[in-house]
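Each reported figure results from applying straightforward, stated rules to the coordinates on display, with no laboratory input. Quick caveat: nothing in here was measured; it's all calculated off a predicted structure. Positions of Cβ are backbone-derived with ideal geometry, glycine not excepted, and every protein chain shown enters the neighbour counts.
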Amino acid sequence: MKFKGEILMNTKGRNAALSASKKVIIKAGTRLLIDRDSIARLVAGVAAIRKSGRKVLLVTSGAVGMGMEILKVKSRPRDLARIQALAAVGQSALMAIYSEECKRHGFEAAQLLLTAADLRNRERYLNVMNCVNALWESDVLPIVNENDSVSVDELKFGDNDTLAGLLGSLTGAELTVLLTTVDGLRNRDADGKLSERISVVTKLSDAILGLAGGTDDSKFSIGGMESKLRAANIVTSAGGYLWIADGREKDTIEKLLAGEDTGTIFLPKGRRLSGHKRWFTFFSKVSGRLTVDPGAVSAILNAGKSLLPAGVTDVSGEFKRGDTVEIAGPDGTPFARGLVNYTSADCLKLRGCHSDQIHAAMGSDCEIEMVHRDNLTLL
């Protein structure tokens with residue numbers, strides 16, 4: 001039974017997500033893309049969002065699954081070479097169908113195949129972002145998939161839920177929709193069985209994260225609810241909304257556009273991050289760690305301050321000025337990330353120094369902040 005307050009939160013959350021959304025990421029999982037008719041329904045839904053005046057980027061799974069269908073492989077193999085071969089067979093067939101279905105609705109489709117390395121490197125990250133923007137300006141639908149035919153473990157996103165979340169951050173999309181084969185995140189009874197659907201998640205607490213266990217089915221795909229909650233953490237941390245909905249229903253996207261209480265919507269954690277903060281928070285490689293004292297933890301978390309050398313107690317890793325470092329409290333748990341103003345060697349020299357001691361220690365003009373607040377985000 002819903003209380004009036006819950007209904008009001010559901011309505012407000014959905015209406016806010018829709019009214020704020022000018023860019024939308026749609027992700028469809030492998031088990032939704034079982035035949036041409038299912039792809040046609042998905043493209044029709046995408047077309048409906050486009051007609052509402054919003055820009056859409058589609059993240060598609062299904063290349064490996066389609067390769068399995070074409071080559072009559074019954075279960076997803078484990079060895080990398082066979083998975084890559086299935087992806088190579090299935091990707092071209094998948095895009096041919098997408099292209100034809102998009103033309104039926106009067107627009108063109110473009111394919112982007114990405115590896116994690118394409119987004120970790122700042123220049124390549126900007127190239128991807130510029131390409132997507134150019135496609136949108138040309139009224140073309142960008143269709144993105146992980147480049148499974150060449151990806152290896154160190155280059156993989158892990159799953160397309162994570163890829164969708166990262167692309168939501170990269171593009172600055174206000175709404176990311178994960179279409180799946182369940183109707184949203186569900187509570188659990190005392191015996192552990194799934195129970196009622198959760199309509200709105202205001203915070204990704206430990207209790208919410210604990211609901212994801214045991215929801216994976218790897219016969220054709222990878223992921224499960226755990227990967228969707230990881231994507232939700234990325235999107236909401238960047239200031240966007242994420243919606244998990246049942247893509248098996250023919251009118252799911254239409255229900256989303258109408259603001260109906262379907263699926264589970266995750267609300268933003270706070271204000272939207274700027275472009276450069278989104279990059280070093282979610283994409284850049286962490287090169288080292290700065291461990292800080294309780295006073296520095298409080299100053300950063302509660303007062304919005306920069307990290308000064310006086311609060312640093314330990315430095316680990318080797319890094320250059322401008323690299324990304326994580327900031328951890330006395331217990332070793334990282335709570336922030338940022339772009340450091342000093343090399344690791346200089347950080348070791350400056351740790352514990354007060355502001356009036358920094359210039360004497362460095363012997364030249366330099367910043368008093370080890371990590372400036374403008375280049376720092378909380379995890």
FRET efficiency estimate (nearest 0.05) - Cβ-Cβ, Lys22 to Lys250, R0 30 angstrom: 0.70
Suppose a student asked you for the relative contact order of the stretch 285-378, using Cα pairs under 8 Å spaced at least 6 residues apart; what percent would you report? 33 percent
Inter-label distance, nm, simple model (7 Å from Cα along the C-beta direction), Lys103/Glu123: 3.7 nm
Give me the angle, in degrees from 0 to 90, between the Cα long axis of helix 122-137 and the longest principal axis of the Cα atoms of the chain, rounded to the nearest 10. 40 degrees
Among the listed pairs Lys193/Lys285; Lys51/Lys285; Lys27/Lys269; Lys22/Lys255; Lys103/Lys285, those beyond 29 Å (Cα-Cα): Lys193/Lys285; Lys51/Lys285; Lys103/Lys285
In whole Hz, the Karplus estimates of ³J(HN,Hα) for the stretch 45-52 (6.51, -1.76, 1.60; θ = phi - 60°; x where Gly or Pro) are x, 4, 4, 5, 5, 4, 5, 7
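Mind ordering 300-311, 171-182 by average Cβ neighbours within 10 Å, highest first?
Values: 300-311: 17.8, 171-182: 24.1.
Ranked by mean Cβ neighbours within 10 Å, highest first: 171-182, 300-311.
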What list of ³J(HN,Hα) values in whole Hz, one per residue of the stretch 185-197 in order, does the Karplus curve 6.51 cos²θ - 1.76 cosθ + 1.60 (θ = phi - 60°) give from phi, with Gly and Pro shown as x? 7, 10, 5, 10, 6, 4, 8, x, 6, 5, 10, 6, 5
What is the extension gain from Asn15 to His372, computed as 0.36 nm multiplied by their sequence separation minus the C-alpha to C-alpha distance, in nm to one decimal? 124.9 nm
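Relative contact order of the stretch 28-72, please, whole-number percent, based on alpha carbon pairs below 8 angstrom and at least 6 residues apart. Present the calculation step by step, with values, prior to reporting the outcome.
On the way: 21 pairs, mean separation 24.3, N = 45.
Rounded, it is 54 percent for the stretch 28-72.
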Hey, can you grab everything whose amide H is under 5 Å from the amide H of Gly62? Only 5+ residues off in sequence or another chain; H modelled, so Pro and N-termini drop out. Thr30
Go through 57-70, 74-87 and give me the packing order, highest mean Cβ count within 10 Å leading. 57-70, 74-87
What nm value, rounded to one decimal, do you get for the distance between Ser274 and Lys72 when each label is placed 7 Å out toward the C-beta? 5.9 nm
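Taking 0.36 nm per intervening residue step and subtracting the Cα-Cα distance, what contour gain separates Thr181 from Thr202 on full extension? Present the calculation step by step, with values, prior to reporting the outcome.
Numbers: separation 21, 0.36 × 21 = 7.56 nm, distance 2.27 nm.
Length difference between fully extended and current span is 5.3 nm.
Taking Cα pairs under 8 Å and at least six residues apart, what relative contact order does the chain come out at, in percent? Show your work: numbers first, answer last.
Details: 734 pairs, mean separation 57.4, N = 379.
Reported as a whole number, the value is 15 percent.
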In whole angstrom, how long is each semi-axis of the equivalent ellipsoid of the stretch 285-378, when you take the square root of 5 times every eigenvalue of its Cα gyration tensor and sort them from largest down? 18, 15, 12
Counting sequence-distant residues (5 or more places) and residues on other chains, those with an amide H built under 5 Å from that of Ala109 are Leu141
Which cross-chain or sequence-distant (5 or more) residues have an amide H under 5 Å from the amide H of Val177, H modelled 1.01 Å from N in plane? Ile25, Ile26, Lys27, Trp243
Of the listed peptides 16-27, 345-356, what is their order by residue-averaged count of other C-beta atoms within 10 Å, with the highest listed first? 16-27, 345-356
Whole-Hz couplings from phi, Karplus 6.51/-1.76/1.60, listed for the stretch 18-28; x for Gly and Pro: 5, 5, 7, 8, 9, 10, 10, 9, 10, 10, 10
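Just to be sure I understand: of the beta bridges DSSP finds with both ends in the chain, what percent are antiparallel, rounded to 5? List each step's numbers first, then the result.
On the way: 19 of 51 bridges.
Of all bridge pairs located within the chain, approximately 35 percent are antiparallel.
For the chain, what is the calculated [θ] at 222 nm in deg cm²/dmol (nearest 500), taking -39500 (n - 2.57) for each run of four or more DSSP H residues and dividing by its residue count? If you can, show how the numbers build up before the last one.
On the way: 14 runs with 155 residues, N = 379.
Helix-only estimate at 222 nm: -12500 deg cm²/dmol.
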